[in-house]
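Here's the structure, in structure tokens; my notes come after.
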Amino acid sequence: MQTRQAWIERCSGVLKGNLPDRSVLEKLPYRYTCPAREKGTYLPQWLWDSCFHAIAYRWFDPGMAWEELQSLFVHQPDEGPDAGMVPHMSHLEENGAVAAQRLFGQRDCSTITQPPLISVAALAVHQRAPDRGILARLYPKLRAYHDWFDRRRDDDHDNLVAIIHPWESGWDASQRWDGLMGLHPRGAAGLRALEQRRKDLVALCAAQGYDAQRLAQVPGGFYVEPADFNAIRTADLMALAEIADELQEASEAEELEARARAVRQAVHDKMVSFENGELRAHDLLGAAEEKSSVDHAGTFVLMFGQCLSRAEADTISTRLLDPVGAFATPYKVASTSRFDPLFDPGEYWRGNVWLSLNWLVWRSLLAYGRADAAAVIVRDSLALVEKSGFCEFFNPLTGGPGEKYGRSCPEHQSWSTIILDMLQGTADE
Ligand code: GLC
């Protein structure tokens, strides 16, 4: 087993190796880290990637962790219908991300968002390297982001927010979205067609003014209230309440906690069911809120927002460890159940292990005192990196690198350094 210091050095090497070019950094008010540099496609900044980066950086370079988070707000609009939104990709111009600029019709950033994890990350960094000054500057921006969700993405006022594009989920090509995307692909050609649909969908979003209510009705529109996304939002609102408390904004803290509780209750009441004695979480599809039957690892993330009772959390933790169950793979956690008819352990989001997701599941289990199951996630995550490096994602059956259309993924992916955070409390700390 490597020492914690050795892991810090390895993770630091990956992150520092993924900094943008100096000529790019010179133009930015804050530094960030590219998701990867190897394949040239991951040079801009991505929202939830930066949250994972910051949580890893806090262990050895908290200054960089704070910069990474501050950088996320450089392109937050402060006026117009989407005031407060945080784009899922930024700094396109500086990186010559021409295709993305064309797609989103803007020079600097995208027009959609990603899972709201920024308050969680900011609180984590603050706990390790307190800086009330930065926290106070971030706070109104973080609030504006959540206000934007309430205003623009909860059109049916059920306390659950909707996403209007698969990219917003962070699970781009998952089976979870096949039904709404109108394709059930297997193999490279089908997956490429699905990617083309995602690109085409941006134009439809733009044509409908990024209006969730309209996109829920229009033919070809995409509208989902995802279970894990809303659970992450619950956790993020709770973290924001703690930040408000830290800044001595007691009444705002109370209000934010109440908002978090309302989301948590809605997740529990509308998205959870028992099937054959097993707990399932359902994404709600379309305006009719049809309960999706796709079985995926986002279910475990419900615990991240503490959206389950203790008994329910025990049931799904046991399901995660079931040696013959849907998530019984040599390496955990496959994003999609291995019993899904379109489960594909190698292909991008069709049933792979992502260490970012493993971190969410690990934190989820710890929130309910399931140290036994959490330890399995840490063990498998470390084993994957030992075997194959800091891959973007992994094959849960072989432990090898994942693939996109048969082409292997980057092997120095920044967010896979999140394993550093999972080493807390291990014997060699
Ligand atoms: C892919 C992933 C997404 C991630 C991005 C950058 O698009 O699906 O979740 O944020 O890459 O790593």
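The values are calculated or read from the model by the stated rules, or taken from the named source; none is laboratory data. Predicted model only: the values in this text are computed from it and were never measured. Glycine gets a Cβ as well: all are built from the backbone with ideal geometry, and neighbour counts include every protein chain shown. Quick note on the areas: whole protein, heavy atoms, side chains included, nothing else; ligands and nucleic acids left out. Shrake-Rupley method; radii C 1.70, N 1.55, O 1.52, S 1.80 Å.
Let's see how each residue does on (1) assigned by TED's automatic domain parsing to the domain that holds Asp49; (2) surrounded by 18 or more Cβ atoms within 10 Å (Cβ to Cβ); (3) in contact with a Cys (Cβ under 9 Å, 6 or more places away or on another chain):
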site: Val333; (1), (2), (3): no, yes, no
site: Thr336; (1), (2), (3): no, yes, no
site: Phe339; (1), (2), (3): no, no, no
site: Pro345; (1), (2), (3): no, yes, no
site: Leu365; (1), (2), (3): no, yes, no
site: Gly369; (1), (2), (3): no, no, no
site: Ala373; (1), (2), (3): no, yes, no
site: Lys387; (1), (2), (3): no, no, no
site: Cys391; (1), (2), (3): no, yes, yes
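Residues in segment 399-424 that are in contact with a helix residue (DSSP H, G or I) (Cβ under 9 Å, 6 or more places away or on another chain) and part of a loop (DSSP other than H, G, I, E, B): Gly399, Gly400, Tyr405, Gly406, Glu411, Gln413, Leu423. Among residues of segment 47-82 being more than 16 Å from the ligand (Cβ to nearest atom), aliphatic (A, V, I, L, M) and open to solvent by less than 20 Å² (accessible area, probe 1.4 Å), the one that is farthest from the chain's Cα centre (by Cα) is Met64. Among the conditions (1) part of a helix (DSSP H, G or I); (2) over 30 Å from Ala207 (Cα atoms), Glu38 misses just one, which is (1). Tell me yes or no: at least one residue of segment 400-419 is basic (Lys, Arg), without any contact (Cβ under 8 Å) to a residue 40 or more places away in the chain and within 15 Å of the ligand (Cβ to nearest atom). Scanning segment 400-419 turns up at least one residue that is basic (Lys, Arg), without any contact (Cβ under 8 Å) to a residue 40 or more places away in the chain and within 15 Å of the ligand (Cβ to nearest atom). Inside segment 25-46, residues that are within 16 Å of the ligand (Cβ to nearest atom), more than 17 Å from Asp172 (Cβ to Cβ) and open to solvent by 80 Å² or more (accessible area, probe 1.4 Å) make up a count of 1. The sole residue among Trp167, Trp171, Trp148, Trp177 that is part of a helix (DSSP H, G or I), out of contact with any helix residue (DSSP H, G or I) (no Cβ under 7 Å at 6 or more places or on another chain) and either more than 16 Å from the ligand (Cβ to nearest atom) or open to solvent by less than 60 Å² (accessible area, probe 1.4 Å) (or both) is Trp148. If only residues of segment 151-164 that are open to solvent by 10 Å² or more (accessible area, probe 1.4 Å) and in a helix (DSSP H, G or I) are counted, the one that is farthest from the ligand (Cβ to nearest atom) is Arg151.
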